[in-house]
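Remarks on the structure that follows.
The values are calculated or read from the model by the stated rules, or taken from the named source; none is laboratory data. In this text, all values refer to a predicted model and were calculated from it rather than measured experimentally. A quick note on method: Cβ atoms are made from the backbone with ideal geometry, for glycine too, and the neighbour counts reach across all protein chains shown.
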Amino acid sequence: MTRIRGAQASGCANDVHAHANQPPPRLRRSAGALAKAEACALLVALSLTLAGVVVSAQQRPNFTGTWKYVSSTPPNYPGSNGWGVPSPTVVVTQTGTELTIESGQFGAASMKVVYKLDGTDTVWDGTSSSQSGSTAVVKWRTKASWDGNRLVLYTWNTALNQMRDIMSLSGGQLTIVRATEQPGPSTNATLTYTKGS
């Protein structure tokens, strides 16, 4: 009998030792509930983030098309010494990675300018023409960034010409809010275009 009681005592001691290393049952349940709550919160946050990315991508417009000049504010906006002059026609081609604009707003002659939609710069050597007809080979640089559903385009060249266009679509119209800087006067205007053929 003594041997059995000893064995039982030893077993009880082991149980006590094992339970001593664990939190009380209520705390164990609380820890489990907390872990589940944290996992749920993480899943909700991840879902909201992914939903925001999808909505943001869906809201970004596609500016592709041939756009015809309608008007400017202020009226008859002249640009700045041939730089930033409203082009009668602007041809836009947009892919998932680039936007290309072909127009006469970059000087006296029409030219194609590429903007990367990932925010990186595009740099190249090209001709810059003035309204007086003088030309020179200069370094060009462009950059694009999204601001919600508006696309902000930056264009510079080493002839000290700078232009920022903020493009948006509404009701079938293309609106460009333009600011220019160069050795001539700085200008600001809002240009309106409608899609043509």
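Within the set of pairs 6+ apart or on separate chains, which have a first residue in the stretch 94-111 that is farther than 20 Å from VAL123 by Cβ, a second that is surrounded by 14 or more Cβ atoms within 10 Å (Cβ to Cβ) and among the acidic types (Asp, Glu), and C-beta atoms under 8 Å apart?
From the stretch 94-111, the pairs are SER110/GLU102.
Scan the stretch 111-125 for residues that are exposed (fewer than 14 other Cβ atoms within 10 Å of the Cβ) and not hydrophobic (A, V, I, L, M, F, W, C) and jot them down.
LYS112, ASP118, GLY119, THR120, ASP121, ASP125
Tell me, which strands (runs of 3 or more DSSP E) lie completely within the stretch 158-197 with 1 or more residues that are surrounded by fewer than 13 Cβ atoms within 10 Å (Cβ to Cβ) and in the same structural domain as THR89 (by TED's automatic domain parsing)?
Those strands (runs of 3 or more DSSP E) span 161-170.
So ALA108 passes all but one of these: (1) at pLDDT 70 or above; (2) closer than 19 Å to ASN157 by Cα; (3) assigned to a loop (DSSP other than H, G, I, E, B). Which condition number does it fail?
Among (1) at pLDDT 70 or above; (2) closer than 19 Å to ASN157 by Cα; (3) assigned to a loop (DSSP other than H, G, I, E, B), ALA108 violates only (1).
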